[in-house]
């Protein structure tokens, strides 16, 4: 269910872009993301920091896109988000000796510190990769190609999440008593 909630705004953006244009798509994305965050808040009674940052960036970059009638802003939003994520995770762990992944998810997952550190490094690399690939597509390809990349490129986060799940599964303690 959670993955459907996450996919909802990008799917509506894609459909509205194909039916109309990037500006209608951007407006739909902004509204759909507000609805998405409202639903997440209704279910969890809170928004994670990443949700708040994503919402803020979509509203700011979307507003700039619409107000200035310049599609470059919405195309660069993912680059900024992923770069900020990579930078925040890297600075937190290497400068402040804090692992934000462990801080955010430690209450849900009981993992050894070395695993948390590897996960943090993988998230830094993944976020940097996603930032670079979005920047490349946004810069060198048409808006049509970028929108297609946004939809079909969703395979990257899905593959990353599944791979991460396989990696941490071996460290999770079973609730089943051993016989």
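Throughout, read-outs are computed from the coordinates displayed, never taken from laboratory work. Quick caveat: nothing in here was measured; it's all calculated off a predicted structure. A quick note on method: Cβ atoms are made from the backbone with ideal geometry, for glycine too, and the neighbour counts reach across all protein chains shown.
See the values below:
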quantity: Label point distance in nm, residue 69-residue 171, each placed 7 Å from Cα along Cα→Cβ; calculated: 5.2
quantity: Cα-Cα pairs of the chain separated by more than 30 Å (percent); calculated: 24
quantity: Quotient of Cα Rg and 2.2 N^0.38 Å for the stretch 63-131, N being how many residues it contains; calculated: 1.40
quantity: Reciprocal of mean inverse Cα separation for the stretch 100-179 (Kirkwood radius, Å); calculated: 14.9
quantity: Helix 49-68 vs. the chain, principal-axis angle (Cα, 0 to 90°, nearest 10); calculated: 10
quantity: Folded to 0 to 90 degrees: helix 113-140 orientation relative to the chain principal axis, Cα; calculated: 10
quantity: Nearest-ten-degree value, helix 2-19 long axis tilted from longest Cα axis of the chain; calculated: 20
quantity: Helix-only CD estimate at 222 nm, as mean residue ellipticity for the chain, using -39500 (n - 2.57) per DSSP H run (n ≥ 4); calculated: -27000 deg cm²/dmol
quantity: Sites residue 94 and residue 162, calculated FRET efficiency, Cβ-Cβ separation with R0 35 Å, nearest 0.05; calculated: 0.80
quantity: Theoretical FRET efficiency, 1/(1+(r/R0)^6), r = Cβ-Cβ of residue 144 and residue 4, R0 30 Å, to 0.05; calculated: 0.75
quantity: Rounded if a/c under 1.5, otherwise prolate or oblate - the stretch 1-97, Cα gyration tensor axes; calculated: oblate
